[in-house]
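The values are calculated or read from the model by the stated rules, or taken from the named source; none is laboratory data. Bear in mind the structure is a predicted one, so any value in this text is a computation, not a measurement. Every residue, glycine as well, gets a Cβ built from its backbone with ideal geometry; the counts of neighbours run over all protein chains shown.
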Amino acid sequence: MILINFTFFKSFKEDKYDVKQELKWFTLKNFEDYEEKRNYIAQSLQLAMLLEVSAYPKPGNVHRTRDFFDTKFEHFLASAVALNPCWNKAAYRGFLISLGKLSFSSLNIGELIKEGVERVKAWHSGGNTSLGTIMLLMPIAAAAGKTLAEGEFNEKILRRNLKLIAESSTFMDAINVYKAINLAKPGGLGKSKFLDVKNESSLNEIIEKKISLFEILKFSSSYDSISLEWVENFKITFELGLPFFINELNESKDLNIAIVNTYLKVLSEVYDTLIIRKAGVEKAIEVSKKAREVLEAGGLKTIEGKKLVFKFDEELAKYKGKLNPGSTADLISSILAIAILKGVRP
């Protein structure tokens with residue numbers, strides 16, 4: 001349990017831009033319409049996080065019927081609540097980009113990511129629950145803000161905006177993300193030959209050479225699936241996970257089945273990089289192979305598949321978090337975020 005110091009929250013500064021004051025021609029009706037869209041984005045991402053952690057059983061991860069010793073289901077619920085203002089702020093900045101009041105490079109995506117980590121830490125004592133999710137959903141929130149400010153939801157436009165956000169990131173974004181990672185203290189974080197996140201000299205080199213966040217993520221994309229999403233314009237989310245999820249939902253008419261089976265699909269095709277960091281590539285390959293076998297048996301859609309899903313969860317639980325596919329869970333949050341923005345509802 002943690003005790004909250006309420007003065008802590010005063011440290012989160014509101015954006016200096018006041019849309020009503022800056023845009024005299026911007027009607028109250030326009031502003032209220034956008035406020036509704038901004039809240040819609042924040043609520044969509046919050047719901048994505050809640051549905052991801054609630055889906056069960058997600059073999060190897062925390063879900064509604066399984067806790068870890070030090071990280072529990074309620075810690076993830078608290079994270080989803082804590083992050084709502086961050087999604088709202090990111091969407092707001094995306095809106096300002098659409099109005100020409102901000103550029104993509106002045107979005108300060110790294111600052112938003114760091115604030116997200118700080119807010120999560122202020123709301124629970126369960127350690128790192130959301131760093132990967134924050135890394136994925138923050139650019140989605142900003143991209144959705146710009147997209148919806150200019151019209152209806154459109155996947156192609158959203159991905160174009162995501163690409164611009166990633167490629168326009170700055171060296172200050174890199175600095176703030178490094179700080180966020182050190183605050184979150186993710187599991188299995190080893191040493192890197194290139195700008196090691198735990199080495200303070202890395203920050204100096206980033207500043208001196210003005211190395212952007214995108215450039216750093218291009219390097220880490222070879223061993224981290226969250227970085228890979230940034231570099232490949234959320235390919236796993238949009239091209240692997242989302243179509244499969246929509247198809248599973250249409251077939252089963254059951255949201256939990258669709259989420260768990262999508263989790264198995266992603267895990268079967270993308271080696272979980274958290275497992276690789278904690279236990280090595282061979283173990284990650286074994287876990288992905290098992291996920292493929294369970295999915296081929298139908299996953300939660302068949303009686304036999306359902307038995308195998310629960311058995312798989314029990315097997316991974318024996319490793320006490322060493323074989324938890326945490327990167328896969330983060331990707332599921334990203335997939336769900338897009339699906340909900342498109343209109344999917346429980």
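For the stretch 304-322: of the residues being of a type in the set (Gly, Ala, Ser) and under 22 Å from Thr273 (Cβ atoms), which is modelled with the highest pLDDT? Walk me through how you get there before you give the answer.
First, the residues of the stretch 304-322 that are of a type in the set (Gly, Ala, Ser): 305, 317, 321.
Add one more test, that the residue is under 22 Å from Thr273 (Cβ atoms), and what stays is 317, 321.
Numbers: Ala317: 95, Gly321: 86.
Top of the filtered list is Ala317.
For Thr302, are the conditions met, namely being without any contact (Cβ under 8 Å) to a residue 12 or more places away in the chain and of a type in the set (Val, Ile, Thr)? Give the steps one after another, and end with the answer.
Working: without any contact (Cβ under 8 Å) to a residue 12 or more places away in the chain: yes; of a type in the set (Val, Ile, Thr): yes.
In short, yes.
Restricting attention to the stretch 160-184, which residues are of a type in the set (D, E, K, R) and either crowded, with 18+ Cβ neighbours inside 10 Å or out of contact with any helix residue (DSSP H, G or I) (no Cβ under 7 Å at 6 or more places or on another chain) (or both)? Spell out how you get there, then give the answer.
Narrowing the stretch 160-184 to residues of a type in the set (D, E, K, R): 160, 163, 167, 173, 179.
Arg160, Lys163, Asp173, Lys179 - these are the residues of the stretch 160-184 that are of a type in the set (D, E, K, R) and either crowded, with 18+ Cβ neighbours inside 10 Å or out of contact with any helix residue (DSSP H, G or I) (no Cβ under 7 Å at 6 or more places or on another chain) (or both).
For the stretch 81-96, how many residues are aliphatic (A, V, I, L, M) and surrounded by fewer than 24 Cβ atoms within 10 Å (Cβ to Cβ)? Steps first, answer last, please.
Residues of the stretch 81-96 aliphatic (A, V, I, L, M): 81-83, 90-91, 96.
Next cut, surrounded by fewer than 24 Cβ atoms within 10 Å (Cβ to Cβ) only: 81-82, 96.
Adding up the residues that qualify gives 3.
What number goes with the only condition from (1) within 17 Å of the chain's Cα centre (by Cα); (2) within 28 Å of Lys191 (Cβ to Cβ) that Phe219 does not pass?
If we test Phe219 against (1) within 17 Å of the chain's Cα centre (by Cα); (2) within 28 Å of Lys191 (Cβ to Cβ), just (1) comes out false.
Does Ser221 meet the test of being surrounded by 14 or more Cβ atoms within 10 Å (Cβ to Cβ) and under 18 Å from Ser327 (Cα atoms)? I'd like the intermediate steps shown before the answer.
Numbers: surrounded by 14 or more Cβ atoms within 10 Å (Cβ to Cβ): yes; under 18 Å from Ser327 (Cα atoms): yes.
When the stated conditions are applied, Ser221 passes them.
A quick yes/no check of all residues on (1) closer than 19 Å to Val53 by Cα; (2) surrounded by fewer than 24 Cβ atoms within 10 Å (Cβ to Cβ); (3) more than 10 Å from the chain's Cα centre (by Cα); (4) of a type in the set (Val, Ile, Thr):
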site	(1), (2), (3), (4)
Gly116	yes, no, yes, no
Lys121	yes, yes, yes, no
Gly132	yes, no, no, no
Ala144	no, no, yes, no
Leu148	no, no, yes, no
Phe153	no, yes, yes, no
Leu158	no, yes, yes, no
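Just to be sure before I move on: is Ile207 closer than 28 Å to Ala284 by Cβ, assigned to a helix (DSSP H, G or I) and either in contact (Cβ under 8 Å) with a residue 40 or more places away in the chain or among the aliphatic types (A, V, I, L, M) (or both) in the structure I sent? Reasoning before the result, please.
Values: closer than 28 Å to Ala284 by Cβ: no; assigned to a helix (DSSP H, G or I): yes; either in contact (Cβ under 8 Å) with a residue 40 or more places away in the chain or among the aliphatic types (A, V, I, L, M) (or both): yes.
No: the conditions fail for Ile207.
This table checks each residue for (1) closer than 30 Å to Leu148 by Cβ; (2) of a type in the set (Ser, Thr, Tyr).
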position: Glu286; (1), (2): no, no
position: Lys301; (1), (2): no, no
position: Phe310; (1), (2): no, no
position: Gly321; (1), (2): no, no
position: Ser327; (1), (2): yes, yes
position: Ala337; (1), (2): yes, no
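Have a look at Phe26, Phe6 and point out the one that is more than 20 Å from Thr147 (Cβ to Cβ), at pLDDT below 95 and either among the basic types (Lys, Arg) or over 16 Å from the mean Cα position of the chain (by Cα) (or both). Can you show your working first?
Details: Phe26 fails: more than 20 Å from Thr147 (Cβ to Cβ).
Answer to the check: Phe6.
Run Asn233 past the list (1) modelled with pLDDT of 95 or more; (2) surrounded by 19 or more Cβ atoms within 10 Å (Cβ to Cβ); (3) assigned to a loop (DSSP other than H, G, I, E, B) and report the number of the one that doesn't hold.
Result: Asn233 fails condition (2) only.
Given the criteria farther than 30 Å from Asn256 by Cα and small (Gly, Ala, Ser), does Ala180 qualify? Explain how you work it out, then say what you get.
On the way: farther than 30 Å from Asn256 by Cα: yes; small (Gly, Ala, Ser): yes.
It is true that Ala180 is farther than 30 Å from Asn256 by Cα and small (Gly, Ala, Ser).
Filter the stretch 29-71 down to the residues that are polar (S, T, N, Q), at pLDDT 95 or above and not in a loop (DSSP other than H, G, I, E, B), then identify the one that is nearest to Ser288 (Cα to Cα).
If we take residues in the stretch 29-71 being polar (S, T, N, Q), at pLDDT 95 or above and not in a loop (DSSP other than H, G, I, E, B), then Ser54 is nearest to Ser288 (Cα to Cα).
Here are some residues: Leu183, Leu189. Which one is under 19 Å from the mean Cα position of the chain (by Cα), of a type outside the set (D, E, K, R) and under 24 Å from Val266 (Cα atoms)?
Values: Leu183 fails: under 24 Å from Val266 (Cα atoms).
Result: Leu189 is the single residue among Leu183, Leu189 that is under 19 Å from the mean Cα position of the chain (by Cα), of a type outside the set (D, E, K, R) and under 24 Å from Val266 (Cα atoms).
Just one of Gly100, Gly126 is among the small types (Gly, Ala, Ser), free of Cβ contacts under 8 Å to residues at least 60 places away in the same chain, assigned to a loop (DSSP other than H, G, I, E, B) and out of contact with any helix residue (DSSP H, G or I) (no Cβ under 7 Å at 6 or more places or on another chain); which is it? Before the answer, list the steps.
On the way: Gly126 fails: out of contact with any helix residue (DSSP H, G or I) (no Cβ under 7 Å at 6 or more places or on another chain).
Gly100 is the lone residue from the list that is among the small types (Gly, Ala, Ser), free of Cβ contacts under 8 Å to residues at least 60 places away in the same chain, assigned to a loop (DSSP other than H, G, I, E, B) and out of contact with any helix residue (DSSP H, G or I) (no Cβ under 7 Å at 6 or more places or on another chain).
One residue is enough: does the stretch 50-73 have a residue meeting the conditions surrounded by fewer than 24 Cβ atoms within 10 Å (Cβ to Cβ) and under 28 Å from Ala166 (Cβ atoms)?
yes
It is to be established whether one or more residues within the stretch 250-262 are surrounded by fewer than 18 Cβ atoms within 10 Å (Cβ to Cβ), part of a helix (DSSP H, G or I) and of a type in the set (D, E, K, R).
Checked against the condition, which is being surrounded by fewer than 18 Cβ atoms within 10 Å (Cβ to Cβ), part of a helix (DSSP H, G or I) and of a type in the set (D, E, K, R), the stretch 250-262 yields at least one hit.
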